[in-house]
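Notes to accompany the following structure.
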Protein chains: 2
Amino acid sequence: MSDTPDKTQDRLYQDLARSLMEELASGRYPIGARLPAERELATSYNVSRPTVREAIIALEVQGLVEVKVGSGAYVRRLPGKEDLPGFNITAFELTEARLLFEGEAAALAATQASDEELDGIERLVEAIARENQQADGAEKSDREFHLAIARATRNTAIYNAIEHLWDLRATSPEAALLHEKARSANIKPVVDEHTAVLTALRNRDPGAARAAMRAHLAQVIDSLLFATEERAIEEARRTAQAKRARYQSAP
Amino acid sequence: MSDTPDKTQDRLYQDLARSLMEELASGRYPIGARLPAERELATSYNVSRPTVREAIIALEVQGLVEVKVGSGAYVRRLPGKEDLPGFNITAFELTEARLLFEGEAAALAATQASDEELDGIERLVEAIARENQQADGAEKSDREFHLAIARATRNTAIYNAIEHLWDLRATSPEAALLHEKARSANIKPVVDEHTAVLTALRNRDPGAARAAMRAHLAQVIDSLLFATEERAIEEARRTAQAKRARYQSAP
DNA sequence: CAAGAGAATTGGTAAGACCAAAAGGAAATG
DNA sequence: CATTTCCTTTTGGTCTTACCAATTCTCTTG
């Protein structure tokens, strides 16, 4: 098992899609411009037309281009670095963002959530407690708990953004690993923190909900720091002594 | 010109992709399950294999499935309603989310931004003032202003999320239209609001930065409300009298 | 029973063909 | 001369066939 256990290779269309995205990023094709015809791209890139079609569809699904039948593919927006493969975010950045955003979401949810939604959240808190006892580390209910609160804001944009942050964790192997390690080292407290959030929601107290959610995620950041130290020490043991001091001093 | 001026039709692969997503949502293929082979899907859906490939690539780009060469396509995650086409977010939801998130981002930026970044933000405020005088309604600098603040948080996840919210506006024709209308009706105030945010940032005052940004976006929401009423009246004039009262009473 | 070689399955890509929509220009028309 | 109409060209949409490569299955073999 390497760092990336099951990397799926091949996929020629991905190479072409990446090349085209770089062309877009270079400014060669500004917004509104038309890309060369599929047949032209096929010959210039030495691939078949189906491959070109696949690449363009990849861009289309990401909202980068718009294909008009009989006319061509037109640039819709320019790619940012988050569109490029290998885009990773630190677990700390992710959790800091969640601290801010989910704190506000909890505050809003305190004023918007229905009693039924609060009941559902309470069941999720219980589910989290059960999962923690099993110790096989399922964080599914944890995710659902946070997303249920986001949903209770009745604001699709907020829910969408917070769900996006959770998904980002999965795209970053490092972040996922760190979270897993943090979870195994620190289990009990999260139950109390979750119930604190729920209580604030039931009391319809936005400020308390925000504070409880922030406290919870601040605790997560702490455990991430702890796990980072652990990981650093592990690596230091495994590698040369020279690296040891450096990793231990890193927060 | 109808409500959707340039709807691109056809695209058989999209129909198939949607069908497959519905299959995933139905639970028929749980996470980790393998989809039928491309050739099987082609025959069962009465399409060609290239079309099946295109549909699967659409799912792959969205992170719904993972394709393993020589093995098959495996379910990676289940689709939510935000994955389905026709997913639109209200301009109000969008701005409410921005009010909460960008408020926090401004507060964080007040403690993190470098002097150079603040200078850059100041230049953007000036650019916004210039664009407003031209009255041809370019909101490019406005976007840059908000994104510069998000970037000043030094947190990629926060920047990414806020940029995502801005991009969502483009995907929703209704939201874009409403914003355009709101802009044309209400120009002057935004300059003062932007300078207020900048001043708070320069003073390194997180609370003031949050408050200024929230005030600014609250103002945007107000102008959206105003524009909504305008639009309602316009439509009412254009359509039958019977509809008139109904639209006018809608907030 | 285990290990290895071969066959079957599956995705990856190419090439060619034909259809339908769109765009551009030429000809007919007012 | 301007406008409209129609036809040709371009372009994307889809299908079919074919072959290659990676994987998986199966059956033989020691």
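Looking at the structure I just gave you, is residue B:25 in contact (Cβ under 8 Å) with a residue 24 or more places away in the chain, more than 16 Å from DNA strand D (Cβ to nearest atom) and within 13 Å of chain A (Cβ to nearest Cβ)? No: the conditions fail for residue B:25. Counting the residues of region A:114-132 that are out of contact with any Ser or Thr (no Cβ under 8 Å at 6 or more places or on another chain) and of a type in the set (A, V, I, L, M, F, W, C) gives 3.
In this structure, does residue B:91 turn out to be open to solvent by less than 30 Å² (accessible area, probe 1.4 Å), modelled with pLDDT under 95 and more than 16 Å from DNA strand C (Cβ to nearest atom)?
On the way: open to solvent by less than 30 Å² (accessible area, probe 1.4 Å): yes; modelled with pLDDT under 95: yes; more than 16 Å from DNA strand C (Cβ to nearest atom): yes.
Spelling it out, residue B:91 is indeed open to solvent by less than 30 Å² (accessible area, probe 1.4 Å), modelled with pLDDT under 95 and more than 16 Å from DNA strand C (Cβ to nearest atom).
Taking the conditions (1) within 24 Å of the chain's Cα centre (by Cα); (2) under 12 Å from residue B:194 (Cβ atoms) in turn, residue B:143 satisfies each one other than (2). Taking the criterion of being more than 9 Å from DNA strand D (Cβ to nearest atom), open to solvent by less than 30 Å² (accessible area, probe 1.4 Å) and under 29 Å from the mean Cα position of the chain (by Cα), the residues of region A:28-70 that qualify are A:54, A:55, A:58, A:59, A:63, A:64, A:65.
Taken over region B:104-143, the criterion of being at pLDDT below 90 and of a type in the set (Asp, Glu) is satisfied by B:131, B:136, B:139, B:142. Within region B:201-213, residues that are over 12 Å from residue B:109 (Cβ atoms) have Cβ atoms under 6 Å from residues that are open to solvent by less than 70 Å² (accessible area, probe 1.4 Å) and modelled with pLDDT under 95 in no pair, counting only partners at least 6 apart in sequence or on another chain. Scanning for something at pLDDT 90 or above, within 12 Å of chain A (Cβ to nearest Cβ) and under 22 Å from residue A:56 (Cβ atoms), does region B:28-38 turn up at least one residue? No, the conditions are met nowhere in region B:28-38. Cβ-Cβ under 8 Å, sequence separation 6+ or interchain: first residue in region B:57-80 and facing chain A (nearest Cβ under 10 Å) and farther than 11 Å from residue B:31 by Cβ, partner within 12 Å of DNA strand D (Cβ to nearest atom) and of a type in the set (Phe, Trp, Tyr). Which pairs? Listed by first residue and then by second, the contacts come to B:58/B:13; B:67/B:74; B:68/B:74.
The values are calculated or read from the model by the stated rules, or taken from the named source; none is laboratory data. Owing to the predicted nature of the structure, the values given are computational and were not obtained by experimental measurement. All Cβ positions, even for glycine, are placed from backbone atoms using ideal geometry, and neighbour counts span all protein chains on display. Note: areas computed on protein heavy atoms with side chains; ligands, DNA, RNA excluded. Shrake-Rupley method; radii C 1.70, N 1.55, O 1.52, S 1.80 Å.
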